[in-house]
1. In the range 1-120, what percent of the accessible surface is made up of carbon and sulfur (1.4 Å probe, ligands and nucleic acids excluded)?
2. Under the rule a/c < 1.5 gives rounded, and otherwise a/b versus b/c splits prolate from oblate, where does the range 51-120 land using the Cα gyration tensor?
3. How much FRET efficiency would the formula 1/(1 + (r/R0)^6) give for E32 and T64, where r is the Cβ-Cβ distance and R0 is 25 Å, rounded to 0.05?
4. Calculate the spin-label point distance for K39 paired with S81, positioning each point 7 Å from the Cα along the beta-carbon direction, and give it in nanometres.
5. At 7 Å along the Cα-to-beta-carbon direction for both F49 and Y122, put a label point, then send me their distance in nm to one decimal.
6. How do 107-115, 93-101, 119-127 rank on mean C-beta neighbours within 10 Å, highest first?
7. Which parts of the range 74-105 would a label at Q57 reach, counting a residue when its backbone N lies under 14 Å from a point 7 Å out along Cα-to-Cβ?
8. So what J values fall out for the range 79-86 if you push phi through Karplus, 6.51 cos²θ - 1.76 cosθ + 1.60 with θ = phi - 60°, rounded to Hz, Gly and Pro as x?
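The values are calculated or read from the model by the stated rules, or taken from the named source; none is laboratory data. Everything quoted here is computed from the prediction, not taken from an experiment. All Cβ positions, even for glycine, are placed from backbone atoms using ideal geometry, and neighbour counts span all protein chains on display. SASA here: full protein model, heavy atoms, side chains in, ligands and nucleic acids out. Shrake-Rupley method; radii C 1.70, N 1.55, O 1.52, S 1.80 Å.
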Amino acid sequence: MYWPKGRVIYDTLTFDEPGDELKLDKVIEKFEEYCNPRKNTTKLRHKFFTYRQFEGQSFHDFVTELRKLSADCEFATLHDSLLKDMIVCGTRDNSLWERLLRECDFTLSKAISSGHTAEETYKHDREILQSQTADIHRISKKKHHKPS
């Protein structure tokens with residue numbers, strides 16, 4: 001007699017209580033356990049611990065990616081602490097990580113706030129520098145083009 005593949009899988013399932021094999025919700029639960037790929041926590045943690053902010057990536061996007069990577073790592077009560085540490089370890093902003101390492105008791109919230117502030121300050125400084133450079137070039141061109 002021919003049995004569909006679903007029946008073969010069903011025959012391999014083990015149920016906790018007698019009679020659970022006849023309850024639809026228990027059967028669906030067992031099929032989901034069977035079909036959903038098992039998480040490799042070590043691999044997920046490796047991706048989290050080796051992630052670094054790449055050039056051109058905003059601080060916000062960096063933190064968002066760290067949050068995504070940490071979601072399935074099963075860090076429990078260490079989650080915020082490890083996320084904070086990875087912000088320090090993975091940021092491209094050397095002055096930010098140096099500043100954070102000097103502080104004794106900073107929180108995840110403080111690390112994120114400091115990162116956003118540092119990035120905004122950097123952007124503002126670049127805008128000022130570009131504006132000043134443009135002014136210098138404009139003045140320089142005026143001096144070189146004197147009417148004869």
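1. On the way: 4620 of 8580 Å².
On the range 1-120, the fraction of accessible area on carbon and sulfur atoms equals 54 percent.
2. Numbers: a/c = 1.96, a/b = 1.20, b/c = 1.64.
Since a/c reaches 1.5 but b/c is at least a/b, the shape of the range 51-120 is classed as oblate.
3. Working: r = 28 Å, r/R0 = 1.13.
Efficiency computed from Cβ-Cβ geometry: 0.30.
4. So the two model labels end up 2.0 nm from each other.
5. That separation, rounded to one decimal, is 2.6 nm.
6. Numbers: 107-115: 16.2, 93-101: 14.3, 119-127: 11.6.
Per-residue Cβ counts within 10 Å, averaged per peptide and sorted highest first, yield 107-115, 93-101, 119-127.
7. Those under the cut-off are 86-93.
8. For the range 79-86, the Karplus-derived couplings read 3, 5, 5, 5, 4, 4, 5, 6 Hz, x marking Gly and Pro.
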